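All remarks here apply to the structure that follows.
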Amino acid sequence: MRNETIDILLVEDDECFRETMTSLLEGLGYSVISGDNGLCALHILDQGVIPKVIITDLEMPKMGGATFLGEVKKREHLAKIPVVLFSSHPYLERIAETLDVAWSCPKLLDSKLIKDKLEQIIKILPM
């Protein structure tokens, strides 16, 4: 198992949104690795990839965001990674409160807002 630190693990089942978001994040200077569902993302993490931030959708096939985050929290070395929840779910804010996420946001591609929020989240991480 390798230990590779990246900036962001992006977990999103919508291929178009995932590719657009990856391009946006890379354009902001972040290294990004992505998976199309929670199960795929767990496999990436179990291979030794350690992101500074996880950005995940809520509703995905195979394993949704809530279940994925529950599995992440069970892994002691990953449990403290800040999570950003992007979703079009109508009860996003209510769900986010129960999942202990750093930020929840409806799916949007506002690069300035995303940049500002990620900088705030990454700035508070221990070195």
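For the range 24-55, how many residues are within 16 Å of ALA66 (Cβ to Cβ) and not hydrophobic (A, V, I, L, M, F, W, C)?
Residues that pass the stated criteria total 3.
What's the number of the only condition in (1) surrounded by 19 or more Cβ atoms within 10 Å (Cβ to Cβ); (2) of a type in the set (S, T, N, Q); (3) more than 22 Å from LYS123 (Cα to Cα) that THR56 fails to meet?
(3)
Give just the number: which of (1) out of contact with any strand residue (DSSP E or B) (no Cβ under 8 Å at 6 or more places or on another chain); (2) over 19 Å from PRO106 (Cβ atoms) does LEU9 not satisfy?
(1)
Within the range 1-58, can you find the residues that are modelled with pLDDT of 90 or more, among the basic types (Lys, Arg) and not in a strand (DSSP E or B)?
Scanning the range 1-58 gives a single hit, ARG18.
When the range 20-53 is examined, which residues are found to be surrounded by fewer than 13 Cβ atoms within 10 Å (Cβ to Cβ) and of a type in the set (D, E, K, R)?
ASP46
Check off (1) in a loop (DSSP other than H, G, I, E, B); (2) at pLDDT below 85; (3) over 12 Å from the mean Cα position of the chain (by Cα); (4) not β-branched (Val, Ile, Thr) for GLU119 and give me the number that stays unchecked.
(1)
Restricting attention to the range 67-102, which residues are at pLDDT 75 or above, surrounded by 18 or more Cβ atoms within 10 Å (Cβ to Cβ) and not in a loop (DSSP other than H, G, I, E, B)?
Hits for the range 67-102 are PHE68, LEU69, VAL72, VAL83, VAL84, LEU85, PHE86, SER87.
The values are calculated or read from the model by the stated rules, or taken from the named source; none is laboratory data. Here the structure is a predicted model, which is why all the values come from computation and not from measurement. Here Cβ is always computed from backbone atoms with ideal geometry, including for glycine, and neighbour counts include all displayed protein chains.
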